[in-house]
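Data first, discussion second: the structure below is written as structure tokens.
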Amino acid sequence: MKLLGKTILHDFKDKHADAKPSIESWEAEVEEAQWDTPHQLKSRYPKASFVGGQQVIFDFCWNKYRLLTVVNYRNKIILIEKMGTHKEYDKWNLN
């Protein structure tokens, strides 16, 4: 999958060093993935949450951090919208 918005990940890693290994592992794996359907993504990341149309939320560091993405399966693109602590996530307006 092509990953757009990686600056968000890199900035987050700079602020939250404990998340760095998990983010880097996720980033490398996702860039190698070729998911055609939400089911394929869910098979690899069973704790991922699907919100609305194409939004997918990934948990990091035992749910301490959350990553909000938009996945376009047809074009093989994942757009990173935001990443935050669980407390910040509770304030996000998800539709």
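The values are calculated or read from the model by the stated rules, or taken from the named source; none is laboratory data. Everything numeric in this text was worked out from a predicted model, so none of it was measured. Neighbour counts are summed over all protein chains in view; Cβ atoms, including those assigned to glycine, are modelled from backbone coordinates with ideal geometry.
For this structure, a couple of remarks:
- Across region 75-89, the number of residues qualifying as at pLDDT below 95 and either part of a strand (DSSP E or B) or surrounded by 17 or more Cβ atoms within 10 Å (Cβ to Cβ) (or both) comes to 1.
- ALA19 passes every criterion in (1) part of a helix (DSSP H, G or I); (2) surrounded by fewer than 16 Cβ atoms within 10 Å (Cβ to Cβ); (3) not basic (Lys, Arg) apart from (2).
- Filtered residues of region 65-74 (kept if part of a strand (DSSP E or B) and of a type in the set (D, E, K, R)): ARG66
- For first residues located in region 46-66 and more than 12 Å from SER22 (Cα to Cα), partners that are basic (Lys, Arg) and in a strand (DSSP E or B) and lie 6+ apart or on another chain with Cβ distances below 7 Å form the pairs ILE57/ARG66.
- Sole exception among (1) farther than 19 Å from LEU3 by Cα; (2) under 11 Å from the mean Cα position of the chain (by Cα); (3) among the basic types (Lys, Arg) for LYS87, by number: (2)
- Only one entry in TRP62, TRP35 is touching a Leu at 6+ places or on another chain (Cβ under 9 Å) and in a loop (DSSP other than H, G, I, E, B), namely TRP35.
- When ARG44 is tested against (1) in contact with a strand residue (DSSP E or B) (Cβ under 7 Å, 6 or more places away or on another chain); (2) loosely packed, with under 13 Cβ neighbours inside 10 Å, only condition (1) is not met.
- Close pairs from region 1-29: first closer than 14 Å to ASP59 by Cα, partner surrounded by 12 or more Cβ atoms within 10 Å (Cβ to Cβ) and of a type in the set (Lys, Arg), Cβ under 6 Å, at least 6 apart: LYS20/LYS13; ILE23/LYS13
- Candidate set from region 38-59 (those that are touching an Asp or Glu at 6+ places or on another chain (Cβ under 9 Å) and in a strand (DSSP E or B)); member that is farthest from LYS6 (Cα to Cα): SER49
- Evaluated against (1) closer than 20 Å to ASP90 by Cα; (2) without any contact (Cβ under 8 Å) to a residue 40 or more places away in the chain, ALA33 falls short on exactly one condition, (1).
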